[in-house]
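Reading through the structure tokens given below for one structure.
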Amino acid sequence: MKVDVPYVVFRTKTGEYGLDAYFFLNVEKVERRATLIRKAEDLKLISKKPSTALLSGEDVEEYLLGLFSKLYELSGERMKERTSHIRRWNLLRLIGIPSGHQRHVEKEEELARENREALLALAILRKVLGIKKPEDIEKAGIEFEGYGIFELEIEGGNVNDPVYRELFKVDPIAGMALSWLRIKGEKG
């Protein structure tokens, strides 16, 4: 089965890209939204806005800049939370208060995974927008180019694209949204 995923195509000083215009709102964590940006050469360009698109071209600049700012802030928060946890745990160990070694190790692994996810998302947006800090936002120069479609092939439980395959595996909200996209695509 093929599902057409709508994309908004835009240009920055680093190249031409497409942002998923459907799943970007249907993911559990904001960090996963950056993985829904891909090179425009992977898309089939179309002339009008697809009926399944939840993002319009006029909003793409505001959305991307807001996402960059949020990820920049979030990556710092995750690192602060992680270092704070390690500091508390080390203090308890130093004083000699048993606090559950395995519990702290599991918490540290979870915080490290969340921190890596936020940093990876920020790195993607830095590459796409060509900026490093929120102060550089004016230099991003995002121009709306049009709309595109990405053909997602689904056979059984297998998805042909590795990004979407991983997204559907780790994000239950995106998996449910896929069912709605199938239904909307068949009607439209």
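For the stretch 65-74, the count of residues that are under 22 Å from residue 109 (Cβ atoms), assigned to a helix (DSSP H, G or I), modelled with pLDDT under 85 and not aromatic (Phe, Trp, Tyr) is at least one.
Restricting attention to the stretch 125-148, the residues that are in a helix (DSSP H, G or I) and buried (at least 18 other Cβ atoms within 10 Å of the Cβ) add up to 4. Taken over the stretch 43-81, the criterion of being aliphatic (A, V, I, L, M) and open to solvent by less than 50 Å² (accessible area, probe 1.4 Å) is satisfied by 43, 53, 55, 60, 64, 65, 67, 71, 74. Please state which one of 84, 99 is assigned to a loop (DSSP other than H, G, I, E, B), of a type in the set (Gly, Ala, Ser) and surrounded by fewer than 20 Cβ atoms within 10 Å (Cβ to Cβ). Of 84, 99, the one residue that is assigned to a loop (DSSP other than H, G, I, E, B), of a type in the set (Gly, Ala, Ser) and surrounded by fewer than 20 Cβ atoms within 10 Å (Cβ to Cβ) is 99.
Checking each residue in the stretch 12-49 for being out of contact with any Gly (no Cβ under 8 Å at 6 or more places or on another chain) and assigned to a loop (DSSP other than H, G, I, E, B) picks out 21, 22, 26, 27, 28, 29, 48. Of 114, 166, all but one fail to be part of a helix (DSSP H, G or I) and surrounded by fewer than 16 Cβ atoms within 10 Å (Cβ to Cβ); the exception is 166.
Confirm whether residue 114 is at pLDDT below 85, over 23 Å from residue 4 (Cβ atoms), more than 17 Å from the chain's Cα centre (by Cα) and not β-branched (Val, Ile, Thr). It is false that residue 114 is at pLDDT below 85, over 23 Å from residue 4 (Cβ atoms), more than 17 Å from the chain's Cα centre (by Cα) and not β-branched (Val, Ile, Thr).
For the stretch 149-162, a residue qualifies if it is open to solvent by less than 20 Å² (accessible area, probe 1.4 Å) and either under 21 Å from residue 66 (Cα atoms) or among the acidic types (Asp, Glu) (or both), and exactly one does: 161.
With the structure loaded, tell me whether residue 108 is part of a helix (DSSP H, G or I), in contact (Cβ under 8 Å) with a residue 24 or more places away in the chain and touching a Phe, Trp or Tyr at 6+ places or on another chain (Cβ under 9 Å) or whether it fails that test. So residue 108 passes the test.
The values are calculated or read from the model by the stated rules, or taken from the named source; none is laboratory data. In this text, all values refer to a predicted model and were calculated from it rather than measured experimentally. Positions of Cβ are backbone-derived with ideal geometry, glycine not excepted, and every protein chain shown enters the neighbour counts. Calculation scope for accessible area: heavy atoms of the full protein, side chains included, ligands and nucleic acids excluded. Shrake-Rupley method; radii C 1.70, N 1.55, O 1.52, S 1.80 Å.
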